[in-house]
Amino acid sequence: MKRQNSREKQYTLNKSMQIEVLVALVGDELRPIYKPCIDIDDEQRVRGIGQGCSPSRRIYSGLVLLPALCNAHLHILDASIAEAGETLPLHELVALPTGLKYKLLSKLDQVELDKRISRVLDSMKRKGILYAGVYAELARRGLELVNNSTARAGISARILGQPLTKSLGAYLQLLGEAGGVGLDTVFDLSPEEFAELSSYARRFNGHVHVHVSETLELYQSKDYEIVLQAAPTAAIHLTYLDRDEIMELAESGIGLVFCPRSNMYHLGRLPLLSVLPELLDKTVIGIGTDNAAWIPPYVDEEIMFTYMVVHKDGRDKAELLARALLRAASIDCMKLLRLDTVMVDEGAPIARLLVAEIPEIEWSSSSIISIVKRLPAAPRSTLQALLAAR
């Protein structure tokens with residue numbers, strides 16, 4: 001068979017076309033449509049989704065079309081010190097400035113750090129993670145590293161700077177430079193300073209993310225009450241909060257981010273994940289993987305794990321949970337981070353949509369559940385790359 005050259009491939013991709021996949025997860029609700037006709041225009045955007053393709057369509061009978069994945073909370077710099085201090089408690093690993101993480105990161109020069117985190121980001125992109133909320137330690141040095149490396153990898157990132165010293169002035173300066181800051185706890189500042197920082201960010205659409213009740217000590221200090229008063233952009237972890245406390249945060253409009261594997265790994269405890277389906281009607285939610293030094297930064301693995309540990313009590317609740325997890329790992333996460341939200345719908349650029357090959361889905365009784373459980377093992381690429389390659 002004659003080998004297609006690059007000019008022929010480019011010409012084929014630039015032409016408008018129709019394709020048919022097995023399942024597409026469409027719109028805000030990730031509504032499954034079976035054997036849809038995806039109409040793609042010559043600008044490589046979705047022109048329409050429906051039925052009744054022309055006979056000349058391309059058929060991809062084993063593929064699922066879905067939005068790109070989004071990791072709502074990620075410390076990427078410490079991926080460069082994977083499995084360091086494996087048996088140490090959380091505070092000895094991550095406390096600023098005495099934690100092992102900061103001691104080891106300070107010993108790596110800019111070139112080496114950039115090389116290491118770039119390799120991890122490239123692997124994330126191959127897994128279909130095209131969006132992320134990234135804490136950037138090391139102040140301006142960390143901001144530069146994370147900004148450059150995510151841009152090269154083609155990952156759209158909400159970067160949240162972390163200063164070397166915990167003072168209001170340092171946070172305000174980074175907020176002005178990066179548009180977002182990330183706090184380890186509300187007690188990085190006084191309650192008055194934290195409220196001032198959050199208020200200042202809201203005035204120009206900036207971002208303030210903060211770890212909330214990650215540990216029992218923080219919960220007992222009632223840090224969530226300070227968060228309610230200050231209303232930052234997002235509260236992360238929520239490990240020890242009960243249902244009423246989580247709902248109160250949600251109803252105040254604060255975005256909520258859960259990191260189940262990190263909480264289980266470091267603390268032996270999961271947050272109250274059964275509330276995830278209820279939260280979708282109250283606020284935006286996200287799923288994050290936290291510190292890449294100890295938890296691989298793959299959000300598909302995170303939602304599979306979460307589904308497995310929470311699943312119970314019948315099919316209806318299972319499907320609600322699976323749909324909530326998929327939304328939290330894709331379009332709701334994009335909204336929480338205020339990044340361009342690209343869903344499978346009219347006008348979507350095909351370079352930001354994923355296709356995944358999940359053979360079992362052809363005989364599955366629930367495509368949503370199969371995607372959540374089986375996506376980590378599924379080969380995938382962007383729709384644009386698929387069409388260019390075939």
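Just for segment 261-273: of the residues that are outside any loop (DSSP other than H, G, I, E, B) and among the aliphatic types (A, V, I, L, M), which one is least open to solvent (accessible area, probe 1.4 Å)?
Per the criteria, the residue is Leu273.
Against the definition (surrounded by 15 or more Cβ atoms within 10 Å (Cβ to Cβ) and farther than 21 Å from His266 by Cα), how does Leu121 come out, yes or no?
Details: surrounded by 15 or more Cβ atoms within 10 Å (Cβ to Cβ): yes; farther than 21 Å from His266 by Cα: yes.
Judged against the criteria, Leu121 is a match.
Any idea how many residues of segment 274-284 are surrounded by 21 or more Cβ atoms within 10 Å (Cβ to Cβ) and of a type in the set (D, E, K, R)?
Residues in segment 274-284 being surrounded by 21 or more Cβ atoms within 10 Å (Cβ to Cβ) and of a type in the set (D, E, K, R): 0 in total.
Only residues that are among the hydrophobic types (A, V, I, L, M, F, W, C), surrounded by fewer than 23 Cβ atoms within 10 Å (Cβ to Cβ), over 24 Å from Tyr131 (Cα atoms) and without any contact (Cβ under 8 Å) to a residue 40 or more places away in the chain: list them for segment 149-196, please.
The answer is Leu168, Ala170, Leu172, Phe187, Leu189, Ala195.
Name every residue in segment 197-239 that is farther than 22 Å from Arg269 by Cα, open to solvent by 40 Å² or more (accessible area, probe 1.4 Å) and not in a helix (DSSP H, G or I), in order of residue number.
Phe204, Asn205 - these are the residues of segment 197-239 that are farther than 22 Å from Arg269 by Cα, open to solvent by 40 Å² or more (accessible area, probe 1.4 Å) and not in a helix (DSSP H, G or I).
Do we have Thr87 as over 26 Å from the mean Cα position of the chain (by Cα), at pLDDT below 95, over 24 Å from Thr289 (Cβ atoms) and of a type in the set (Val, Ile, Thr) here?
On the way: over 26 Å from the mean Cα position of the chain (by Cα): yes; at pLDDT below 95: yes; over 24 Å from Thr289 (Cβ atoms): no; of a type in the set (Val, Ile, Thr): yes.
Answer is no for this residue.
How about segment 247-260: which of its residues are surrounded by fewer than 24 Cβ atoms within 10 Å (Cβ to Cβ) and either basic (Lys, Arg) or under 22 Å from Val309 (Cα atoms) (or both)?
Met247 - this is the single residue of segment 247-260 that is surrounded by fewer than 24 Cβ atoms within 10 Å (Cβ to Cβ) and either basic (Lys, Arg) or under 22 Å from Val309 (Cα atoms) (or both).
Could you give every pair whose Cβ atoms fall below 7 Å, whose first residue belongs to segment 203-225 and is at negative phi and touching a residue at least 60 places away in the same chain (Cβ under 8 Å), and whose second residue is assigned to a helix (DSSP H, G or I) and of a type in the set (Gly, Ala, Ser), counting only separations of at least 6 or pairs across chains?
Partner pairs satisfying both residue conditions: His207/Ala201.
Residues that are touching a residue at least 12 places away in the same chain (Cβ under 8 Å) and either open to solvent by 60 Å² or more (accessible area, probe 1.4 Å) or acidic (Asp, Glu) (or both): which strands (runs of 3 or more DSSP E) entirely in segment 29-93 hold 2 or more of them? Walk me through it before giving the result.
On the way: elements: 31-34, 37-40, 46-50, 58-67, 69-75.
Those strands (runs of 3 or more DSSP E) span 58-67.
If a residue has to be modelled with pLDDT under 95 and polar (S, T, N, Q) to count, how many in segment 109-166 make the cut?
Counting residues in segment 109-166 that are modelled with pLDDT under 95 and polar (S, T, N, Q) gives 2.
Cβ-Cβ distance below 7 Å, separation of 6 or more or different chains: which pairs start in segment 258-283 with a residue that is among the small types (Gly, Ala, Ser) and end on one that is surrounded by 16 or more Cβ atoms within 10 Å (Cβ to Cβ)?
Filtered contacts from segment 258-283: Ser262/Thr289; Ser262/Asp290; Ser262/Asn291; Ser262/Ile295; Ser274/Val310.
Yes or no: segment 317-329 includes at least one residue that is within 11 Å of the chain's Cα centre (by Cα) and closer than 22 Å to Val181 by Cα.
yes
Return the residues of segment 204-237 that are within 18 Å of His75 (Cβ to Cβ) and of a type in the set (Asp, Glu); say none if nothing qualifies.
Glu214
The values are calculated or read from the model by the stated rules, or taken from the named source; none is laboratory data. Keep in mind the model is a prediction, meaning the values are calculated, not measured. With ideal geometry, Cβ positions are generated from the backbone for all residues, glycine too; neighbour counts draw on all protein chains shown. Surface accessibility is based on the protein's heavy atoms, side chains included, excluding ligands, DNA and RNA. Shrake-Rupley method; radii C 1.70, N 1.55, O 1.52, S 1.80 Å.
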